[in-house]
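Read the structure below first, then the notes.
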2 protein chains.
Amino acid sequence: MTGSVGERGEFALIASLTASLKSGDDVQQGIGDDCAVVRFGDKELLLTCDASLEDIHFKRDWGTPEEIGWKAAVSALSDIAAMGGRAVAVLVTLALPGDLPVAYAEGLYRGLSSAVESTGAAIVGGDTTASRSGIVIDLTVIGEVVGRAVLRSGARPGDVVAVTGAVGERGAGLHALLHDIEAPDLVRAYLHPTPRIDEGGWLQAQPSVHAMMDISDGLLPDARHIAKASGVGFNLLSAQLPNNVRLWSYWAEQGMESMPQRLCSGEEYELLVILAVEEAPALLQAFMAQFDVAIHPVGVCTEHSGDVLVDGEPPAAQGFEHFRAP
Amino acid sequence: MTGSVGERGEFALIASLTASLKSGDDVQQGIGDDCAVVRFGDKELLLTCDASLEDIHFKRDWGTPEEIGWKAAVSALSDIAAMGGRAVAVLVTLALPGDLPVAYAEGLYRGLSSAVESTGAAIVGGDTTASRSGIVIDLTVIGEVVGRAVLRSGARPGDVVAVTGAVGERGAGLHALLHDIEAPDLVRAYLHPTPRIDEGGWLQAQPSVHAMMDISDGLLPDARHIAKASGVGFNLLSAQLPNNVRLWSYWAEQGMESMPQRLCSGEEYELLVILAVEEAPALLQAFMAQFDVAIHPVGVCTEHSGDVLVDGEPPAAQGFEHFRAP
């Protein structure tokens, strides 16, 4: 294959790299979902990893080292939530520039371990090495399937699409950081995502939940992932998307349309949940009674394989993809 | 803690970062051995990760992308061998510069997957992202304890120290690469280490094997790790160290003493085995009959806690440590 990885784009590159991989007998779900699912004795493992690189995923002056560490850890832990599983153990790879203050490394590690310990998991190992330029954090989370692993592939036409939390705020927070705009609440939302482990576990136990993933690329691009895995389509209803005054006024002050931004707001680490329409009203109500977290129905599942529409139309907005210019 | 991570050094940094970590109920061995050991249902997990960074661990022109990938994978797989375990599943994190040719990324991945598949494990997931500068490869291996996990902490005074393979060649190969010296056989040995999974599994099944690890920092510094973990000392006998004509003549041609180089030759991925003296002769013979791999007795275990001597004297040579100048 010719060309550079930048020209190729993240998803096409992954497809070409992994095309000839052999699977194992115990591998129940390989590459292509939030976690791999691997049979191990009388239980099933959930396996996932997520890397955060300085000046790619974060800049050092965006927050405290604790905040940078917390967020990096949540990006990996969230994949366990997306399967409805339990986090068990974590490995941490840190590559650090030689001139980094030890106090910074300690703060980073405190943030990482706080996030890991908030889920009941333990850091059990890792690798610490020098980096020629910039901090690299790579977390692997080993989790356990509880009940069942909720995959991306279970959505059925007629299902309801729902999202937890104030989806859209993290993208605005990131925009504020990138453009040096004063918006402390949105920046705080961006730097302090919550791994929805308890919520994912509860949703897993509801048979009417057919598919689930966490929103890391953005609601719209991640809905495309589920659509592709399930062989269905979605129609997202823009009026149903979570909104609030600070989000609305932030984009208004920037003179920008809010809707495309909210559709492609990544690094949310909220759950995208596909559930049976009949049970949806009772389930969403029970969820909100159980957790101090909103859950919004934002669309419906259609038969149009792979298509994700917004208000019945193909959306102009695209999601974030690594290697490609935003 | 003040100062930079470079001043602090790898091992002191890891100690300070991980000092206040909480352990989990299922964690049987946390940070400090080749792998973590975690109970999971009716079995035990082995968990390890290892990062390889361009211009820290390798240079692109040292070998083909396949060779770079192979070696990066072996550095992680070897930790499973060191516990006497079986590799089950692997996660691969790749951070790649946008201008890297796709063909290079594909070669790298072929090397990684060949090494993984050579052990019977499967790549089941990972993360692929952009890098601002240089290739980052981080492998996590999920393995299974077979029989028992052979830890670093089981060495007893009177035991014999043995090493598999031609320990010393990889350090000479690395020296040749770093100084642009023509030594194709040694360079090949450096780029093509073997994960000693079968050998480790066989050694695990011998009750007279008391402790084991893989040689990544060098025979001398790694013997110190075992000495510390076991509360014993070692006396390494220089005349017993593996040697051969090409190794001897390489160092002679450089006008350098061979012994300190061979004592601190890292990235060997050979096994350092501590075993009961009574069973040693029969066991070493049986090992060589079973595998096409040498195993050399190179020293004895003493009561002098933490000390590693060479021919009864404290050695001048130090091992490789990240962050510190070599």
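How many residues are farther than 26 Å from A:His57 by Cβ, of a type in the set (Val, Ile, Thr) and open to solvent by less than 20 Å² (accessible area, probe 1.4 Å) if we restrict to the stretch A:216-263?
Residues that pass the stated criteria total 1.
Considering every residue within the stretch A:197-214, establish whether at least one is over 14 Å from A:Arg152 (Cα atoms), surrounded by 19 or more Cβ atoms within 10 Å (Cβ to Cβ) and touching a Pro at 6+ places or on another chain (Cβ under 7 Å).
No: zero hits.
Go through the stretch A:19-53 and give me each residue that's assigned to a strand (DSSP E or B), over 15 Å from A:Val88 (Cβ atoms) and either in contact with a helix residue (DSSP H, G or I) (Cβ under 8 Å, 6 or more places away or on another chain) or more than 9 Å from chain B (Cβ to nearest Cβ) (or both).
A:Gln28, A:Ile31, A:Asp33, A:Arg39, A:Asp50, A:Ser52
Can B:Thr64 be described as within 7 Å of another protein chain (Cβ to nearest Cβ), within 29 Å of A:Ser133 (Cβ to Cβ) and among the polar types (S, T, N, Q)?
No.
Would a scan of the stretch B:105-126 turn up a residue that is farther than 25 Å from A:Ser131 by Cα, open to solvent by 10 Å² or more (accessible area, probe 1.4 Å) and in a loop (DSSP other than H, G, I, E, B)?
Among the residues of the stretch B:105-126, at least one is farther than 25 Å from A:Ser131 by Cα, open to solvent by 10 Å² or more (accessible area, probe 1.4 Å) and in a loop (DSSP other than H, G, I, E, B), which makes the answer yes.
Scan the strands (runs of 3 or more DSSP E) fully inside the stretch B:134-215 and keep the ones with 1 or more residues being of a type in the set (Gly, Ala, Ser) and within 14 Å of chain A (Cβ to nearest Cβ).
Result: B:136-144.
Scanning for something closer than 30 Å to B:Gly9 by Cβ and among the hydroxyl-bearing types (Ser, Thr, Tyr), does the stretch A:137-151 turn up at least one residue?
For the stretch A:137-151, residues closer than 30 Å to B:Gly9 by Cβ and among the hydroxyl-bearing types (Ser, Thr, Tyr): present.
Do we find a residue being open to solvent by 10 Å² or more (accessible area, probe 1.4 Å) and within 15 Å of A:Glu144 (Cα to Cα) anywhere in the stretch A:67-79?
Within the stretch A:67-79 (the criterion being open to solvent by 10 Å² or more (accessible area, probe 1.4 Å) and within 15 Å of A:Glu144 (Cα to Cα)), the answer is yes, since at least one residue qualifies.
For B:Gly266, are the conditions met, namely being surrounded by 13 or more Cβ atoms within 10 Å (Cβ to Cβ), in the same structural domain as B:Gly171 (by TED's automatic domain parsing) and farther than 25 Å from B:Ile197 by Cβ? Spell out how you get there, then give the answer.
Numbers: surrounded by 13 or more Cβ atoms within 10 Å (Cβ to Cβ): yes; in the same structural domain as B:Gly171 (by TED's automatic domain parsing): yes; farther than 25 Å from B:Ile197 by Cβ: no.
In short, no.
Test A:Gly41 against the criterion of being over 30 Å from A:Leu174 (Cα atoms) and either open to solvent by 10 Å² or more (accessible area, probe 1.4 Å) or in contact with a Lys or Arg (Cβ under 8 Å, 6 or more places away or on another chain) (or both), and give yes or no.
yes
In the list B:Ser118, B:Ser153, B:Ser114, B:Ser78, which residue meets the criterion of being touching an Asp or Glu at 6+ places or on another chain (Cβ under 6 Å), in contact (Cβ under 8 Å) with a residue 40 or more places away in the chain and not charged (D, E, K, R)? Full working, then the answer.
On the way: B:Ser118 fails: touching an Asp or Glu at 6+ places or on another chain (Cβ under 6 Å); B:Ser153 fails: touching an Asp or Glu at 6+ places or on another chain (Cβ under 6 Å); B:Ser114 fails: touching an Asp or Glu at 6+ places or on another chain (Cβ under 6 Å).
Result of the check over B:Ser118, B:Ser153, B:Ser114, B:Ser78: B:Ser78.
Read through the list (1) part of a loop (DSSP other than H, G, I, E, B); (2) more than 19 Å from the chain's Cα centre (by Cα), then give the number of the only condition that B:Ile56 fails.
Of the numbered conditions (1) part of a loop (DSSP other than H, G, I, E, B); (2) more than 19 Å from the chain's Cα centre (by Cα), the odd one out for B:Ile56 is (2).
Output the number of residues of the stretch B:12-53 satisfying the condition of being under 21 Å from the mean Cα position of the chain (by Cα) and in contact (Cβ under 8 Å) with a residue 60 or more places away in the chain.
Going through the stretch B:12-53 one residue at a time, the tally reaches 16.
What are the pairs with Cβ atoms under 9 angstrom where one residue, in the stretch A:93-106, is more than 7 Å from every other protein chain (Cβ to nearest Cβ) and touching a residue at least 12 places away in the same chain (Cβ under 8 Å) and the other, located anywhere, is of a type in the set (Phe, Trp, Tyr) and not in a strand (DSSP E or B)? Sequence gap at least six, or different chains.
Cβ pairs passing all conditions: A:Leu94/A:Tyr109.
Does A:Leu77 count as assigned to a strand (DSSP E or B), under 21 Å from A:Leu139 (Cβ atoms) and outside the structural domain of A:Met213 (by TED's automatic domain parsing)? Before the answer, list the steps.
Details: assigned to a strand (DSSP E or B): no; under 21 Å from A:Leu139 (Cβ atoms): yes; outside the structural domain of A:Met213 (by TED's automatic domain parsing): yes.
No, not satisfied.
Pairs only if they're at least six apart or on different chains, beta carbon under 9 angstrom, first in the stretch B:225-239 and more than 19 Å from B:Pro260 (Cα to Cα), second surrounded by fewer than 20 Cβ atoms within 10 Å (Cβ to Cβ) and among the basic types (Lys, Arg); list them, first residue then second.
Filtered contacts from the stretch B:225-239: B:Ser230/B:Arg156; B:Val232/B:Arg156.
Every residue, every condition in (1) assigned by TED's automatic domain parsing to the domain that holds A:Asp79; (2) at pLDDT 95 or above; (3) within 21 Å of A:Gly32 (Cβ to Cβ), yes or no:
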{"residue": "A:Gly231", "(1), (2), (3)": "no, yes, yes"}
{"residue": "A:Leu241", "(1), (2), (3)": "no, no, no"}
{"residue": "A:Leu272", "(1), (2), (3)": "no, yes, yes"}
{"residue": "A:Gln285", "(1), (2), (3)": "no, yes, no"}
{"residue": "A:Phe291", "(1), (2), (3)": "no, yes, no"}
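I'd like the full set of residues that are more than 20 Å from the chain's Cα centre (by Cα) and in a strand (DSSP E or B), limited to the stretch B:282-311.
Hits for the stretch B:282-311 are B:Val300, B:Cys301, B:Thr302, B:Leu309, B:Val310.
The values are calculated or read from the model by the stated rules, or taken from the named source; none is laboratory data. Worth saying up front: this structure is predicted, and the values here are computed from it rather than measured. A quick note on method: Cβ atoms are made from the backbone with ideal geometry, for glycine too, and the neighbour counts reach across all protein chains shown. Each accessible area value is taken on the protein alone, full model and side chains, heavy atoms only, with ligands, DNA and RNA left out. Shrake-Rupley method; radii C 1.70, N 1.55, O 1.52, S 1.80 Å.
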